[in-house]
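The values are calculated or read from the model by the stated rules, or taken from the named source; none is laboratory data. Since the structure is predicted, the reported quantities are computational estimates derived from the model, not experimental observations. Glycine gets a Cβ as well: all are built from the backbone with ideal geometry, and neighbour counts include every protein chain shown. Please note that ligands, DNA and RNA were not included when accessible areas were found on the heavy atoms of the full protein model with its side chains. Shrake-Rupley method; radii C 1.70, N 1.55, O 1.52, S 1.80 Å.
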Amino acid sequence: MQLSKMIPEVDTHTHTILSGHAWSTLSENCRAAREKGMKGLCLTEHGPAIECGAPSYIPHSQRMLPEVVEGIRVYKGVEANILDHEDHLDIPPEYLKFCEFAIASIHTHMFPERDMAEANTATYCNILKNPYIDIIGHADDPSVPCDFEAMVQVAQAHGKLLELNNNSTTAHRPGSLPSLKRYILCCKEHRQRVCVASDAHFYTMVGSVTPLMTLLEELDFPQELIVNLTKERFDAYLKERKQRLAAITD
Ligand SMILES: [Zn+2]
Ligand SMILES: [Zn+2]
């Protein structure tokens, strides 16, 4: 099937009202996912460094949630904030270890030194080496310049993923399209595994990545590199992640 007609079975980046600036509940998000025929979503609230974000212990408290909500597998995760060029995150390892999937992102409004491309690249690369982090969120953001080639190299060496964020195709992150294209082509060239993500802040956005999928189709992006296209493939990645983490706790 053509990518532009596909919806990923698992959305790897969604927010609820717990993020402070999102407008739907987990049940509403899951119901929307079910209605679209999806099978899972990652619950990835913002960490506390964002105004009114979730507390740093959120990965621990998410253990109280059922595994399946409204027929949708809920993968407990987080979107940790990268705080500085010293690679600090706002979720400490003692809580990150409870995540099933963890994103780390730079959010421009709270990262004044974002013009430093070399430092941004070094930070992204170091964060990709953090065993608890699976993926960098929206690194195509042109207001946080970085070297995609260098990131891909480190991601591949450490078995990590890179995120293609649908908001980079919309007015939410204006001016991102040229860098998103370069990012996609870099991942394609090096056969880097990616996730396609809605970054939903409202239930109607869950799984809504058609503009991104259309772009991927135009750029002839290999479907097999999209880890969350099927739940089976995403679960296989999570198995890989478990082995990675077992190796550091042994
Ligand atoms: Zn983000
Ligand atoms: Zn987000």
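In region 134-191, which trypsin sites (Lys or Arg not before Pro) fall in coil by DSSP and have 12 or fewer other Cβ atoms within 10 Å?
Counting only loop positions with at most 12 other Cβ atoms within 10 Å, the trypsin sites (Lys or Arg not before Pro) in region 134-191 are 191.
Keeping to pairs on different chains or 8 or more places apart, tell me how many lysine pairs in region 3-249 have Cα atoms under 17 Å apart.
So the count works out to 20.
Under a 5 Å amide H to amide H cut-off, with H placed in plane at 1.01 Å, what residues pair with residue 69 once short-range neighbours are removed?
Under 5 Å from the amide H of residue 69 lie the amide H atoms of 74, each far enough along the sequence or on another chain.
Which residue fluctuates the most in the chain, going by a Gaussian network model with Cα springs under 10 Å, if the choices are 96, 43, 219?
In the Gaussian network model the winner is 219.
When only Cα pairs under 8 Å and 6 or more residues apart are kept, what is the percent relative contact order across the chain?
Relative contact order of the chain: 23 percent.
Work out, step by step, the length gained on full extension between residue 88 and residue 189: first 0.36 nm times the residue separation, then minus their alpha carbon distance; give nm to one decimal.
Result: 33.3 nm gained on full extension.
Based on DSSP, what percent of beta bridges with both residues in the chain are antiparallel, to the nearest 5?
10 percent
Treating only the Cβ of Lys, Arg, Asp and Glu as charged (+1, +1, -1, -1), what charge dipole size does the chain show about its Cα centre? Round to the nearest 20 debye.
For this selection, approximately 780 debye.
May I ask for log10 I(q)/I(0) of the chain at q = 0.10, 0.18 Å⁻¹, from a Debye sum over the Cα atoms as equal point scatterers with solvent left out?
These q points yield log10 I(q)/I(0) values of -0.41, -1.60.
Name the residue, out of 155, 122, 200, whose mean-square fluctuation peaks in a Gaussian network model built on the chain with Cα pairs under 10 Å.
122
GNM, the chain, Cα, under 10 Å: largest mean-square fluctuation among 64, 213, 38?
64
Starting from region 1-93, pick out the GluC sites (Glu not before Pro) whose DSSP state is loop and whose Cβ has at most 16 other Cβ atoms within 10 Å.
Answer by residue number: 51, 67, 70, 86.
Taking all protein chains as present, what is the carbon and sulfur share of the accessible area of the chain, in % to the nearest whole number, probe 1.4 Å?
54 percent
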